[in-house]
Structures are given as structure tokens and as C-alpha cells.
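Enquirer: Take this structure first; my questions come after.
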Amino acid sequence: MSTAGALRAHVETWRPYTLWYVGLVGLAGAAVVDGPHHPWLLLAAWAAPTAGWLGGHYLGDWFDRELDAGSKPHRPIPSRRLRAETAWRCGCACFAVLAVLAVLGGWGTTTAALLAAGGIVAYSRWLKARGIAGNLVRGALGAVALLYGALAVGLPPGRSTAVPVLLALTVAFWSHDAMSNLVGTLRDIDGDRAGGYETLPVRRGVPFAVRTVVVLYAVTIGAALVAGLLADRGARLTYLATLLVVLVLGVAALAPLVAQRAGMPVVVALRAHSVLVVERVVLASAVVGLGLGVGVQLALALPMVALTWWAQRGMRAGHELGPATAGLALATPRPVPLEDAP
């Protein structure tokens, strides 16, 4: 295979449309605490979760290689554009970077990194196929990234007004990431069922899964609102205004799922998740602004949202649906009248 082809296989594995989010969550955790916001500490708060995220993608695809061989043969490992052994080694290398950064940060970041690495492996190896337990463990990784960022900067001794805010945001990111992960399972129902993966839609049905999505999103918005009301920073009003934008995007993503819960087209679930991928970047940037100011928030959010949108536009449908059906993701599905159905 050519160098360009091999590089593209790695980039597909990275999922660049998700790459910016988790580092932004780590940065958000660092921003919201009262510790020293030294540039190197902020960089570490971003870099370590990002390294773990990349490692999780490599190892997740390695663990899912047999499932993907049946349901998504176009992906890098089953299509043999990326060797399984190479994916394993790259995943371990990313975890090694995470380990070095975590140890340099102290016992707090080391503990958070161990929790994250264990959660990634447990989710990919066992819990992804175990219904809501898998979604909750996967969602916890976002919460751990937030806490990692806070620990990278360092929580001040004694009582701090940032602690209640941080706890509320931990609930918000945990429920949000569990929710978005659950939305992702709605587009893979047939493949998961064929591969023996008992995800929540497979086990309990699509309507139940969609109701769970709505409940988790309500928890997200409620907890994020509590965090904004508890904050004593000057950027609180901007945070609450950004949270309104987040809510609008969330409703736009979830409304089609509720409307089509009786028979979920793959492209509807894919579009919903695509909107949530942008929405969560806006949510994380709002927390960054709460601690570091509106200027930093906009300087990060605008290019990251643009890169996320651009990467999804060019790669998302092909990675999830395959090149033969990627165009369907850009088309509006029309119901077939009963009299015309085969």
C-alpha cells in the first residue's frame, strides 16, 4: 500500500471529526478550577486526554475487528489498509504518551489516567455489548477527562467555590457522553445484532433507547445549568447564552430521533450523532469560557467547530456507512407509501 493510503487509514481511525472534543473537555476542567493557569499546564490538560482518545480509537477498532469485518468491511482494519498489529501498537503508544504525561502531573492525574485507560479497555473489550452499562462506562470517560484537566492544574487546598461547579459539570459531561454514545448505537443496530452485541436498542428496542437518550440529555442540560448558576465568574452570562445554543443544537439533533423512533433509519441516527458531535464542542467551549474568558472560548470554539464540520462532511458517512452508501447520509429519506412497498 502507498504511504498516502496508509496515512489515510490512520486518519480514518483517528476520527478527526471527534478529535478536538476530549482535549477541549480536559482544558475545560483546567479552566474552571482556581489553580494557576500556566500555559504548560493547560497544554498538558489538553494533550493527555487527546492521547488517550486516540489510543482508544486504535484499540477499539482492534477489539471490534471481527464485528467490523461483517458489518463494516470498508473500515481500515477489515479492509486490510491498516494491519491489526499496527493498530494495537499505535494504541499502546498513545497510552504510553498518556502515562508519561499523567505521571509528570502527579498522583491525581495518574489516578485519572488509570481510570480512563481501564474504562477504555473495559468498554471496548466487554461492556460495549452489554447495554446501558457500556454507554455509562463510555460516558464516564468524558467526566474523567474533565477531572484530569482539573487535577493537571491542581485543586487549591481548603474549600473552593470551583468544586461544586466541577461536580455539576462532571454529571453533565458523563450523561452527555453516555447519551451520544447511545445515539451512536442507533445507527448500528443490524450489525450489532448480527455480531451478538446486546446494545440497548438491540436488547430493549429503539423506542426505549430513544427515551433513555432524552432523559440523559435532560440531565446534561440540567447539570450544566446548575454549574452556570453556581459559578461566580464574570463570564457566567456568556456561558448561559452559549448553553442556550447548545440546547437548540441538541433539540435539532434529537427531535428526528423521537419522530422516527418507531422505525429508525440509519441515516437519521447518523445525522443526529453528527449534530451532537458539533454540539458537544460548543458545550465544552462554554466551560472553557467560564474559566478563561470569552476571547479564549471563541478562539477555540470557532476553528474547532469548523474543523469538526469539515471533517464530518468529508469522512463521516464513508467511515460509518461505506463508500457505496455514503451519499445516503446527505439525502433526506422519504417514507415509502404502503401501497408501493414491496
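None of the figures in this text is laboratory data; all of them are computed from the coordinates on show. In this text the structure is predicted, and so the values were computed from the model without any measurement. Virtual Cβ from ideal backbone geometry, glycine too; neighbours counted across all protein chains shown.
Enquirer: Relative to the longest principal axis of the C-alpha atoms of the chain, give the angle of the C-alpha long axis of helix 39-63, reported between 0 and 90° and rounded to the nearest 10°.
Expert: Helix 39-63 sits at roughly 20 degrees to that axis.
Enquirer: Tell me, what HN-Hα J-couplings in whole Hz come from the Karplus equation 6.51 cos²θ - 1.76 cosθ + 1.60 at θ = phi - 60° for each residue of the stretch 305-310, using x for Gly and Pro?
Expert: Taking θ as phi minus 60°, the curve returns 5, 5, 5, 5, 4, 5 Hz for the stretch 305-310.
Enquirer: Relative to the longest principal Cα axis of the chain, at what angle does helix 84-105 sit, 0 to 90 degrees, rounded to 10?
Expert: With rounding to tens, the tilt is 10 degrees.
Enquirer: Still on this structure, please answer the following. Can you order the peptides 137-143, 294-300 by their average number of other Cβ atoms within 10 Å per residue, highest first?
Expert: The packing order, highest mean first, is 137-143, 294-300.
Enquirer: In degrees from 0 to 90, rounded to the nearest 10, what is the angle of the helix 19-32 Cα long axis to the longest principal axis of the chain?
Expert: Helix 19-32 and the main axis of the chain meet at about 20 degrees.
Enquirer: Taking the alpha carbon gyration tensor of the stretch 204-287, what are the square roots of 5 times its eigenvalues, largest first, to the nearest whole Å?
Expert: Values: eigenvalues 157, 34, 13 Å².
Each semi-axis is the square root of five times an eigenvalue, giving 28, 13, 8 Å.
Enquirer: Follow-up question, since we're still on this one. What nm value, rounded to one decimal, do you get for the distance between residue 241 and residue 8 when each label is placed 7 Å out toward the C-beta?
Expert: It works out to 4.3 nm between the two label points.
Enquirer: Next question, about the same structure. What's the Kirkwood radius of the chain in Å, using all Cα pairs?
Expert: By the Kirkwood definition, the hydrodynamic radius is 20.4 Å.
Enquirer: Kindly state, to the nearest 0.05, the FRET efficiency for residue 307 paired with residue 43, given R0 = 22 Å and r defined as their beta-carbon distance.
Expert: 0.75
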